[in-house]
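Okay, structure first, notes after.
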Amino acid sequence: MQASLISDRQFEIIQATGKILSSAGVSGLTIKNLAKEMGFAESAIYRHFDSKEAIIIAMLDFLAENMEERLGRVLSHQKNPREALEAIFNDQFAYFAKNPHFVVAVFSDGLMEASQKINAAIFRIMQVNMKHLMPVIMEGQHQGYFTNAIPTEELMHIIMGAFRLQMFKWRVANFQFDIFERGKYLMSNILKIILA
């Protein structure tokens, strides 16, 4: 899926950026390296993005739009809140397993902390997650699937925190384990905790 707000060439630049992020991290992402990866002059990159920050923000915005579409589609096919919760996380882990560069963009050091615009783009991704997760948890509590001993918002924070920690561990382990299998195991343990 290509985000509707970017051109085909910008999408190609984002894809090449992802390749560099996966192999060399944020420190390896320079306009010079990106131009070399794409076989372009550096000036050609600058015609589409004015900075490395702008490229990272475009990547994150693409991810937010992609998640909005994917999670909406996934949730439209689920029968009950437990299945919906599992489907959300299975879809997320499967997507990131195929696209680890987005994890690098979200969990990188240096550049991220220095940019309020990047932080805002990361927060938008979190909001997309919360938008889809909160109603599932609320409905699960209402129907008696999930515990009511923990307020809905706190339960959402616990689940999202466990997900983010798992993704961060995968990132610092240089993607050396199967995130989909580890993610399914994590979700089975979260369900043991939150099931009513």
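Here, each number is a calculation from the coordinates, and none is a lab measurement. All of these numbers come straight from a predicted model, not from anything done at the bench. As a convention, Cβ positions derive from the backbone with ideal geometry for all residues, glycine included, and neighbour counts pool all protein chains shown.
Candidates are the residues of region 142-157 that are in contact (Cβ under 8 Å) with a residue 24 or more places away in the chain and part of a helix (DSSP H, G or I); the one that is surrounded by the fewest Cβ atoms within 10 Å (Cβ to Cβ) is Met156.
If I filter region 7-15 for residues that are closer than 28 Å to Leu155 by Cβ and either in contact (Cβ under 8 Å) with a residue 12 or more places away in the chain or not basic (Lys, Arg) (or both), do I get at least one hit? So far as region 7-15 goes, no, none of its residues is closer than 28 Å to Leu155 by Cβ and either in contact (Cβ under 8 Å) with a residue 12 or more places away in the chain or not basic (Lys, Arg) (or both).
Of all residues in region 15-25, those satisfying the criterion of being surrounded by fewer than 19 Cβ atoms within 10 Å (Cβ to Cβ) and either aliphatic (A, V, I, L, M) or part of a helix (DSSP H, G or I) (or both) are Gln15, Lys19, Ser22, Ser23, Ala24.
Per-residue answers, yes or no, for (1) out of contact with any helix residue (DSSP H, G or I) (no Cβ under 7 Å at 6 or more places or on another chain); (2) surrounded by fewer than 19 Cβ atoms within 10 Å (Cβ to Cβ):
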site: Ile55; (1), (2): no, no
site: Asp61; (1), (2): no, yes
site: Glu68; (1), (2): no, yes
site: Leu71; (1), (2): no, no
site: Ser76; (1), (2): yes, yes
site: Asn80; (1), (2): yes, yes
site: Glu83; (1), (2): yes, yes
site: Asp91; (1), (2): no, yes
